[in-house]
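Report on the structure given below.
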Amino acid sequence: MSEHDTGGPGGFGSRARSRARENTTFACVHCARTVPANTDGHYRNHCPYCLWSLHVDVKPGDRASTCRQAMEPIGLVEKSGKGWQVVHRCTACGHRQPNRLVRDGESPDDLDLVLSLPWL
């Protein structure tokens, strides 16, 4: 469970939620490529091929957003304990959310793409 787990029934962090059920393969909202589930123990919430995401969280990991619109990668930040993160901005509501880069596992993020983006 995330650090934001409220533990309450029906709450943003309901313990009935299953990480395995939420960490699944999905189609990228931007490039339409098939994005495999993350295998490094964290949620995958962005495409490793184009770095776009979908606005599904209010707080990291809660899956409580009703917006569900595309999120564009707009920056890169380093956070203590989490490493490098891509910052996404929702194309509909403007919400900003940092997302950890996937460095290990079956399908890591394309670091050549990360390093070629204009924010560096």
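The values are calculated or read from the model by the stated rules, or taken from the named source; none is laboratory data. Everything numeric in this text was worked out from a predicted model, so none of it was measured. All Cβ positions, glycine included, derive from the backbone under ideal geometry; neighbour counts span all protein chains shown. All accessible areas refer to the heavy atoms of the entire protein, side chains included, with ligands and DNA or RNA removed. Shrake-Rupley method; radii C 1.70, N 1.55, O 1.52, S 1.80 Å.
The set of residues in region 81-117 being open to solvent by less than 50 Å² (accessible area, probe 1.4 Å), assigned to a strand (DSSP E or B) and not small (G, A, S) consists of Q85, V86, V87, H88, C90, Q97, P98, N99.
Which members of region 1-30 meet the condition of being modelled with pLDDT under 60, surrounded by fewer than 12 Cβ atoms within 10 Å (Cβ to Cβ) and among the hydroxyl-bearing types (S, T, Y)?
Matches in region 1-30: S18 only.
Restricting attention to region 31-45 and to residues that are surrounded by fewer than 14 Cβ atoms within 10 Å (Cβ to Cβ) and among the small types (G, A, S), the residue that is farthest from R103 (Cα to Cα) turns out to be A32. Annotation note: Cβ proximity below 6 Å between a residue of region 37-51 that is among the charged types (D, E, K, R) and a residue that is open to solvent by 30 Å² or more (accessible area, probe 1.4 Å) (sequence gap 6+ or interchain) occurs for D40/D104; D40/G105.
Yes or no: E78 more than 12 Å from the chain's Cα centre (by Cα) and in a strand (DSSP E or B)? Spelling it out, E78 is indeed more than 12 Å from the chain's Cα centre (by Cα) and in a strand (DSSP E or B).
For region 58-65, the condition holds for no residue, the condition being that it is at pLDDT 90 or above, part of a loop (DSSP other than H, G, I, E, B), under 12 Å from the mean Cα position of the chain (by Cα) and buried (at least 19 other Cβ atoms within 10 Å of the Cβ).
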